[in-house]
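Below is one structure; the comments refer to it alone.
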Amino acid sequence: MQHRLLILLLTFPALLPAAPAKVKFNRDVRPILSDKCFFCHGPDPKKREADLRLDVRDAAIEAKAFLPGKAEMSELIHRIVTTDADDHMPPAASKLSDLTPAEIAILKQWINEGAEYEDHWAFIPLKADAASSQSIDQIVSAGLAERGLKLQPDATPETLIRRLSFDLTGLPPSPDEIQAFVTA
């Protein structure tokens, strides 16, 4: 009996539903908006409908597309859940599928959490770590010094063009190619 109680107590937390994780814009929201909304409400001014941009937070808030912290009062949520064909988004004419209940729940949670946008990953600056505070040459030099070796001098232009030519074509460079590279 005690073993059963112990097993029940140990497994009980696993049976409880986990608290929903914080919604991340780039991971959870951007794919939904990109698939269902950005075609008509994205960066292309020629295709943009209703002068609404959902890819830029300030533009979306200015257009009152959503109210951060108030999903149920947001026009975006109203438009995706309404049954009125004139107001429903995405419109039937767009041939895009309606948002799933899971996608709607993600958008609601995101708006209730403040509707924060994140920059696209390509525009997020890299964070410097301890190893990147030194150039690769310094790191290699330190490793060579530990082994009693030293860094070799830079190759001459003639050597560089020869290596490059063999790597790219499998053939040595012509004298004219060498001369053109050296003088460039």
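Computed from the coordinates by the stated procedures, all read-outs in this text should not be read as laboratory data. In this text, all values refer to a predicted model and were calculated from it rather than measured experimentally. Backbone-built Cβ (ideal geometry, glycine too); neighbour counts: all protein chains shown.
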Query raised in the report: Along its principal axes, what span do the Cα atoms of segment 75-148 show, with the longest given first and each in whole Å?
Result: 78, 28, 19
Report task. Measure up 46/127; 22/127; 46/70; 36/64; 46/95 against 26 Å on the Cα-Cα distance and list the ones that go over. Result -> 46/127; 46/70
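Let me have the 222 nm mean residue ellipticity of the chain computed from DSSP H runs of 4+ only, each contributing -39500 (n - 2.57), with the sum over all residues rounded to the nearest 500. It would help to have the intermediate numbers written out before the result.
Working: 9 runs with 83 residues, N = 184.
Value at 222 nm, helices only: -13000 deg cm²/dmol.
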Query raised in the report: When the Cα atoms of segment 131-183 are enclosed in a convex hull and the volume is divided per residue, what value in Å³ results?
Result: 121
Requested in this report: Calculate one ³J(HN,Hα) per residue across segment 98-104 by plugging θ = phi - 60° into the Karplus curve 6.51 cos²θ - 1.76 cosθ + 1.60, and present them in order as whole Hz with x for glycine and proline.
Outcome: 5, 5, 6, x, 5, 5, 5
Requested in this report: Using the Karplus curve 6.51 cos²θ - 1.76 cosθ + 1.60 with θ = phi - 60°, work out ³J(HN,Hα) for each residue of segment 42-48 in order, rounded to whole Hz, and write x for Gly and Pro.
Outcome: x, x, 7, x, 6, 9, 5
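Using only C-alpha atoms and all pairs of different ones, pull out the Kirkwood radius for segment 18-123 in Å with one decimal.
Numbers: mean 1/r = 0.0711 Å⁻¹.
Across segment 18-123, the inverse of the average 1/r is 14.1 Å.
Rounded to the nearest 0.05, what FRET efficiency do residue 141 and residue 24 have when you use their Cβ-Cβ distance and R0 = 35 Å? Provide the component values of the computation, followed by the final result.
Numbers: r = 40 Å, r/R0 = 1.15.
That gives a FRET efficiency of 0.30.
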Query - Calculated from backbone phi, Karplus (6.51, -1.76, 1.60) coupling profile of segment 148-157 in Hz, x at Gly/Pro - result: x, 10, 10, 5, 6, x, 4, 6, 6, x
Report summary line: A student applying the Cα gyration tensor rule (rounded when a/c is under 1.5; otherwise prolate if a/b is larger than b/c, oblate if not) would label the chain oblate
Report task. With only Lys, Arg, Asp and Glu charged, each at its Cβ (+1 for the first two, -1 for the last two), find how big the charge dipole of the chain is about the Cα centre; round to the nearest 20 debye. Result -> 600
Report task. Give the order of 94, 74 when sorted by the count of other beta carbons within 10 angstrom, beginning with the fewest. Result -> 94, 74
